[in-house]
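Peer 1: Let me begin by handing over the structure; questions about it come next.
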Amino acid sequence: MKIAGWVHDIRDLGKLVFVTLRDREGIVQVTAKGGVTDEILLERIKKLGKEWVISVSGKADANERAPNGFEIKPDSMEIISESEVPLPIEVTGRIESNPDKRIDWRFLDMRRKESFAVFRMQSEIARAMGEFMAGDGFERIFSSRLTGAATEGGTEYFPILYFNKEAFLAQSPQLSKESVLASGMDKVWEIGMVYRAEPHHTTRHLCEYVSFDCEMVCDNLSDVLDVEEKMLSYIFLKLNERCKSILELYKVDLVFPKEIPRLSFDEVNKILKKEKVATEAHDLTPEGERGICRYCEKKYGSSFVFVTGFPFDKKPFYIMKDGKKGSFAFDLLYKGLEITSGGIREHRYNERVANIKEKGINPEDFDHLRFFKYGMPPHGGLGMGLERLTQTILGLENVREASLTPRDPDRLVP
Ligand code: AMO
């Protein structure tokens with residue numbers, strides 16, 4: 001049998017040397033013994049350093065005291081790659097390095113099983129998203145992240161120099177995913193990086209994050225909520241099947257509610273008032289988000305809640321208004337954090353232009369408007385941050401822990 005991996009630990013007891021080798025699956029023990037193992041090989045094994053990459057050939061024998069119940073008795077060994085000592089961070093998981101330093105050394109930090117598990121699970125979440133979307137008849141699209149317009153309005157965009165013109169890094173694929181519906185492709189999704197110039201350091205904001213987006217022809221908000229509810233239920237099912245050991249490691253009991261409660265913004269405010277949670281009349285504060293999630297957990301046994309019908313002045317121009325002040329926008333909160341925004345869009349050209357003007361923006365800044373002139377079906381959709389979903393599922397304190405290479409105002413490496 002031949003195995004390869006990192007030297008996790010070495011215990012030299014003189015006549016007996018135990019080496020544990022680690023790879024993505026776990027740990028295997030190599031046991032070298034004076035009088036049994038070739039003498040030159042035994043000496044070479046004794047000189048190994050932690051975190052070197054080696055391969056070992058030998059016989060596998062049962063040993064109930066070894067991790068996984070077996071050990072390798074080595075016949076030969078190849079040193080593939082040595083490691084400098086000491087490592088910049090502790091990777092065996094015994095000492096918790098400071099979080100910033102761990103991100104500085106992310107690809108070594110991922111040798112710790114806790115950190116590796118986050119990105120294994122993230123990969124499974126994305127896999128399940130793709131499986132669900134394909135099964136539900138959505139086409140996958142790939143839209144440009146270089147744009148001439150600040151998609152979400154506001155100031156949180158990164159201007160870049162595009163040859164001799166100013167352009168922006170896309171804040172979301174919003175305008176592309178809507179415009180493509182003019183083509184006849186009536187259910188689309190995509191996943192990719194988006195950019196937000198968030199100047200604040202919070203535990204939930206990144207300057208670059210992975211946005212899952214979908215958009216579909218429909219005229220009823222409940223159709224959009226149904227898609228998201230079904231997709232999340234599918235993701236939870238698959239994570240329970242495919243990520244058991246990760247959920248155990250993080251002590252997470254991943255239960256999907258029978259139904260996600262759907263509450264209007266006004267109802268939420270009334271509940272928060274009753275529960276004596278301070279919040280703003282016009283928007284949900286982080287305290288309000290946590291408060292309504294606590295309430296729904298108690299009342300409906302659901303860690304999720306859809307909040308619908310936000311005031312239009314708190315939502316972007318592309319959302320369809322409901323009356324003068326209301327809107328067909330929604331957020332999905334999970335364990336106290338907003339993980340999704342979405343809604344029914346304004347597909348009528350004149351009304352969309354009016355919405356843009358109402359937000360104090362110049363309609364001429366939006367090239368995509370052209371596509372709304374030639375028969376645009378009614379539609380809705382949503383956007384969800386992959387890091388925030390990973391963060392909340394595993395109960396991570398900071399969204400940076402769920403980003404492979406997080407970008408914030410002070411970080412552009414690794
Ligand atoms: P919104 O701006 O609310 O909506 O973003 C949608 C979701 O993306 C995630 N998110 C973030 N994650 C990490 N860092 C950030 N700075 C950050 N900003 C947002 C959150 C959030 O719920 N175009 C709309 C979506 C739509 O209507 O389809 C949009 O981008 O999980």
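Peer 1: With equal scatterers on the alpha carbons only and no solvent term, can you work out the Debye log10 of I(q)/I(0) for the stretch 1-157 at 0.12, 0.14 1/Å?
Peer 2: -0.69, -0.82
Peer 1: Once you have a ≥ b ≥ c as the square roots of the Cα gyration tensor eigenvalues for the chain, tell me rounded if a/c is under 1.5, and otherwise prolate or oblate according to whether a/b is larger than b/c.
Peer 2: Values: a/c = 2.55, a/b = 2.13, b/c = 1.20.
Prolate shape, in that a/c is at least 1.5 and a/b is the bigger ratio.
Peer 1: For a distance above 13 Å, tell me the whole-number percent of Cα pairs in the stretch 27-80 that qualify. Please report the intermediate quantities before stating the final value.
Peer 2: Details: 834 of 1431 pairs.
Considering the stretch 27-80, 58 percent of its Cα-Cα pairs are separated by more than 13 Å.
Peer 1: Please work out the FRET efficiency for the pair residue 65 and residue 40, using the Cβ-Cβ distance as r and a Förster radius of 25 Å; give the result to the nearest 0.05.
Peer 2: Details: r = 27 Å, r/R0 = 1.08.
Given R0 = 25 Å and the Cβ-Cβ separation, E is 0.40.
Peer 1: Let me ask another. Can you find, among 30, 67, 45, the residue farthest towards the positive end of the dipole of the stretch 7-75? Put +1 on the C-beta of Lys and Arg, -1 on that of Asp and Glu.
Peer 2: 45
Peer 1: Determine the calculated [θ] at 222 nm for the chain from helices alone, applying -39500 (n - 2.57) to every DSSP H run no shorter than 4 residues and normalising by the residue count; nearest 500 deg cm²/dmol.
Peer 2: Working: 11 runs with 119 residues, N = 414.
Value at 222 nm, helices only: -8500 deg cm²/dmol.
Peer 1: When Lys and Arg each count +1 and Asp and Glu each count -1, what net charge do the other residues less than 12 Å away from residue 16, Cβ to Cβ, add up to?
Peer 2: +3
Peer 1: Against the empirical 2.2 N^0.38 Å scaling, what ratio does the C-alpha Rg of the stretch 110-192 come to? List each step's numbers first, then the result.
Peer 2: Working: Rg = 16.7 Å, N = 83, 2.2 N^0.38 = 11.8 Å.
Compactness ratio reported: 1.42.
Peer 1: Of 251/335; 177/244; 177/298; 187/321; 274/359, which pairs sit farther than 27 Å apart, going by alpha carbon to alpha carbon? Intermediate results must be reported in sequence, preceding the final value.
Peer 2: Working: 251/335 15 Å; 177/244 34 Å; 177/298 37 Å; 187/321 22 Å; 274/359 33 Å.
Over 27 Å apart, Cα to Cα: 177/244; 177/298; 274/359.
Peer 1: I would also like to ask the following. Please list, ordered by chain and number, the residues whose modelled amide H lies under 5 Å from the amide H of residue 160; skip anything fewer than 5 residues away on the same chain.
Peer 2: Correct list: 167, 168, 169.
Peer 1: Still on this structure, I have one more. Separation of the stretch 332-366 and the stretch 178-199 by C-alpha centroid, Å?
Peer 2: About 13 Å separates the Cα centre of the stretch 332-366 from the one of the stretch 178-199.
Peer 1: Residue by residue through the stretch 394-408, what is 3J(HN,Hα) from phi via Karplus (6.51 cos²θ - 1.76 cosθ + 1.60, θ = phi - 60°)? Round to whole Hz and write x for glycine and proline.
Peer 2: Karplus-based 3J(HN,Hα) across the stretch 394-408 equals 8, x, 7, 5, 10, 4, 4, 5, 9, 10, 4, 10, x, 10, 9 Hz.
Peer 1: OK, next. Using the number of other C-beta atoms within 10 angstrom as an exposure proxy, rank 320, 376 with the fewest first. Intermediate values should be presented prior to the final figure.
Peer 2: Values: 320 24, 376 19.
The order, fewest Cβ neighbours first, is 376, 320.
Peer 1: Which whole-angstrom value gives the distance between the alpha carbon centres of the stretch 206-271 and the stretch 381-398?
Peer 2: Centre-to-centre distance over Cα atoms comes out at 10 Å.
Peer 1: Could you give the C-alpha radius of gyration of the stretch 356-408 expressed as a fraction of 2.2 N^0.38 Å, taking N as the number of residues it contains? Walk me through the numbers on the way to the answer.
Peer 2: Details: Rg = 18.2 Å, N = 53, 2.2 N^0.38 = 9.9 Å.
The value comes to 1.83.
Peer 1: How big is the C-alpha Rg of the stretch 160-261 next to the rule-of-thumb value 2.2 N^0.38 Å, as a ratio?
Peer 2: Values: Rg = 18.1 Å, N = 102, 2.2 N^0.38 = 12.8 Å.
Cα-based Rg divided by the globular estimate yields 1.42.
Peer 1: Another question about this same structure. Can you pull the percent of Cα pairs in the stretch 68-147 with separation above 17 Å? Don't skip to the end; give the middle numbers.
Peer 2: Numbers: 2197 of 3160 pairs.
The calculated P(r) of the stretch 68-147 puts 70 percent of pairs beyond 17 Å.
Peer 1: Now for a different question. Nearest 0.05, what FRET efficiency do residue 374 and residue 107 give at R0 = 30 Å with Cβ-Cβ as r?
Peer 2: Working: r = 48 Å, r/R0 = 1.62.
The formula returns an efficiency of 0.05 here.
Peer 1: Then there's this: What is the extension gain from residue 223 to residue 16, computed as 0.36 nm multiplied by their sequence separation minus the C-alpha to C-alpha distance, in nm to one decimal? Intermediate results must be reported in sequence, preceding the final value.
Peer 2: Values: separation 207, 0.36 × 207 = 74.52 nm, distance 6.55 nm.
Full-extension gain reported as 68.0 nm.
Peer 1: Let me ask something else about it. Cβ under 10 Å from residue 59's Cβ, residue 59 left aside: what net charge do those residues give with Lys, Arg +1 and Asp, Glu -1?
Peer 2: On the way: positive: 73; negative: 61, 71, 75.
Within the 10 Å Cβ shell, the charges total -2.
Peer 1: Name the residues whose placed amide hydrogens come within less than 5 Å of the amide hydrogen of residue 322, ignoring near sequence neighbours (fewer than 5 apart) on the same chain.
Peer 2: Sorted by chain and number, the residues that satisfy this are 327, 328.
Peer 1: Gap in Å between the Cα centre of the stretch 90-152 and the Cα centre of the stretch 292-323?
Peer 2: Each part reduced to its Cα centre gives a spacing of 26 Å.
Peer 1: Let me check I have the definition right: for the stretch 231-339, take the eigenvalues of the Cα gyration tensor, multiply each by 5, take square roots. What are those semi-axes in whole Å, largest first?
Peer 2: Values: eigenvalues 167, 55, 25 Å².
The three semi-axes for the stretch 231-339 are 29, 17, 11 Å.
Peer 1: I need the shape label for the stretch 270-413. Rule: rounded when a/c is under 1.5, else prolate if a/b > b/c, else oblate, with a, b, c from the alpha carbon gyration tensor.
Peer 2: Numbers: a/c = 2.18, a/b = 1.40, b/c = 1.56.
Oblate.
Bear in mind these aren't lab numbers, they're just calculated from the coordinates by the rules spelled out. Owing to the predicted nature of the structure, the values given are computational and were not obtained by experimental measurement. Neighbour counts run over all protein chains shown; Cβ positions are idealised from the backbone, glycine included.
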